[in-house]
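*Asks:* Below is a structure I'd like to ask you about.
Every number in this text was worked out from the coordinates using simple rules, so none of it is lab data. Nothing here was measured: the structure is a model prediction, and the numbers come from that model. Note that each Cβ is placed from the backbone with ideal geometry, even for glycine, and that neighbours are counted across all protein chains shown.
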Amino acid sequence: MGRSQQLVRLSDRFYDRMRHRDAFAAARAEPTAHGFDALRGQKYCLLVSFPRSGQAVPTPVWFGLDAEGRLFVRTVADAGKVKRICADARVRLAPATSRGKPTGPLAEGVARVVPADEEARAERALQANYGLGRRFYEGMSGPLGVHTVYLEVTPT
């Protein structure tokens, strides 16, 4: 494992420990919202994905919404959420704080890894929600040489 990957793993452990306890309770709750309207105007959402065991795993993420109501997330290609989504595409989403404390209702969706030829649409959605601040943050904190992917979530 290279230095960049070690930094990513260390960062992941830090964020796991910082996660709000309410994120875990919300991950086990039943969805009550239809669509992602509750996410409009928010900066963070709680993304709940499911490993083979079926136990819900909550992760707070930055996101962008497009005009059609699809949600996009950019993440490290070998992140746990990517592996879980590749195994089970169903997810749940709720508006949340940066630590994952839900601030609104859960909604269900289906996720996929965005093919390279569709990444520009995903990036536009993220830029619309964060602007230059996100680019600056990622430039300062993102390890060089780490492969990233975009995830697309469509409401169900």
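*Asks:* At a Förster radius of 22 Å, what calculated FRET efficiency corresponds to the Cβ-Cβ distance of residue 103 and residue 34, to the nearest 0.05?
*Replies:* Efficiency computed from Cβ-Cβ geometry: 0.80.
*Asks:* In whole Hz and in residue order, list the ³J(HN,Hα) couplings for the stretch 93-101 that follow from phi through the Karplus curve 6.51 cos²θ - 1.76 cosθ + 1.60, θ = phi - 60°; x for Gly and Pro.
*Replies:* With coefficients 6.51, -1.76 and 1.60, one gets 9, 8, x, 7, 7, 4, 8, x, 6 Hz.
*Asks:* May I ask you to evaluate 6.51 cos²θ - 1.76 cosθ + 1.60, the Karplus curve with θ = phi - 60°, for each residue of the stretch 113-123 and list the ³J(HN,Hα) values in order in whole Hz, giving x for glycine and proline?
*Replies:* 7, 6, x, 3, 6, 10, 5, 4, 5, 5, 5
*Asks:* HN-Hα J couplings of the stretch 73-90 from phi, Karplus 6.51/-1.76/1.60, θ = phi - 60°, integer Hz, Gly and Pro as x?
*Replies:* Rounded to whole hertz, the list is 9, 10, 8, 5, 4, 9, 5, x, 5, 5, 4, 5, 5, 5, 7, 8, 6, 6.
*Asks:* To continue, here is another question. Please compute the length gained on full extension between residue 78 and residue 128, using 0.36 nm multiplied by the number of residues separating them and subtracting their Cα-Cα distance.
*Replies:* Once the chain is fully extended between residue 78 and residue 128, it gains 15.5 nm.
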